[in-house]
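J.: To start, I am sharing the structure in question, which I have written as structure tokens.
Values in this text are rule-based calculations from the coordinates and carry no lab data. Quick caveat: nothing in here was measured; it's all calculated off a predicted structure. A quick note on method: Cβ atoms are made from the backbone with ideal geometry, for glycine too, and the neighbour counts reach across all protein chains shown.
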Amino acid sequence: MSPERVFSVFMKTVTIRDFRTRPRQVREALKREREAVLTANGRPVAVMIPVDAGSIDQTIETLRRARALEAIRAIRSDAQQRGMGRMSAKAIDAVIAKTRKARSRRAAG
């Protein structure tokens, strides 16, 4: 297993190679640590968290909410930097629609 590194907080890291060649040890470490960063060539590519059949839907919903909150934070920060700190609901909806459209294009292409 890879040594711990600092990304934003101390967190266990797992390389793609470790994940592929030692899956049992990765699962055990994930159970102990509760979260790990998956890395490729020393760069973070994913965050792994343990789930079970009974909690996967709730876990996915929680992750989606966290992403939505991060999107709102980014929109607010961008608006502040552009001097538009008080966006209307209509303007916020337009930014969200634009972001969704860009994501669907990336997914299709």
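J.: What pairs come up if the first residue lies in region 86-101 and is under 15 Å from I72 (Cβ atoms), the second is surrounded by 10 or more Cβ atoms within 10 Å (Cβ to Cβ), and their beta carbons are under 6 Å apart, counting only those six or more places apart or on different chains?
T.: As it stands, the answer is M87/A79; V95/I75, since those pairs meet every condition given.
J.: Would you call R65 within 16 Å of the chain's Cα centre (by Cα), in a helix (DSSP H, G or I) and surrounded by fewer than 13 Cβ atoms within 10 Å (Cβ to Cβ)?
T.: On the way: within 16 Å of the chain's Cα centre (by Cα): yes; in a helix (DSSP H, G or I): yes; surrounded by fewer than 13 Cβ atoms within 10 Å (Cβ to Cβ): yes.
Here the answer is yes, as R65 does meet what is asked.
J.: Further, regarding this structure: Which of the residues belonging to region 30-50 are in a helix (DSSP H, G or I) and either among the basic types (K, R) or loosely packed, with under 12 Cβ neighbours inside 10 Å (or both)? First the steps, then the outcome.
T.: Initially, region 30-50 is screened for residues in a helix (DSSP H, G or I), giving 30-33.
Selection gives K31, R32.
J.: Give region 11-26 a look and list any residue that's surrounded by 13 or more Cβ atoms within 10 Å (Cβ to Cβ), more than 17 Å from the chain's Cα centre (by Cα) and charged (D, E, K, R), or say none.
T.: Within region 11-26, D18, R22 qualify.
J.: Filter region 27-39 for residues that are touching a residue at least 24 places away in the same chain (Cβ under 8 Å) and closer than 10 Å to M11 by Cα; which is nearest to the chain's Cα centre (by Cα)? Steps first, answer last, please.
T.: The initial filter retains those residues of region 27-39 that are touching a residue at least 24 places away in the same chain (Cβ under 8 Å), namely 29, 35-39.
From the residues that got through so far, the ones that are closer than 10 Å to M11 by Cα too are 35-37.
Values: E35: 12, A36: 12, V37: 10 Å.
Taking the candidates together, the pick is V37.
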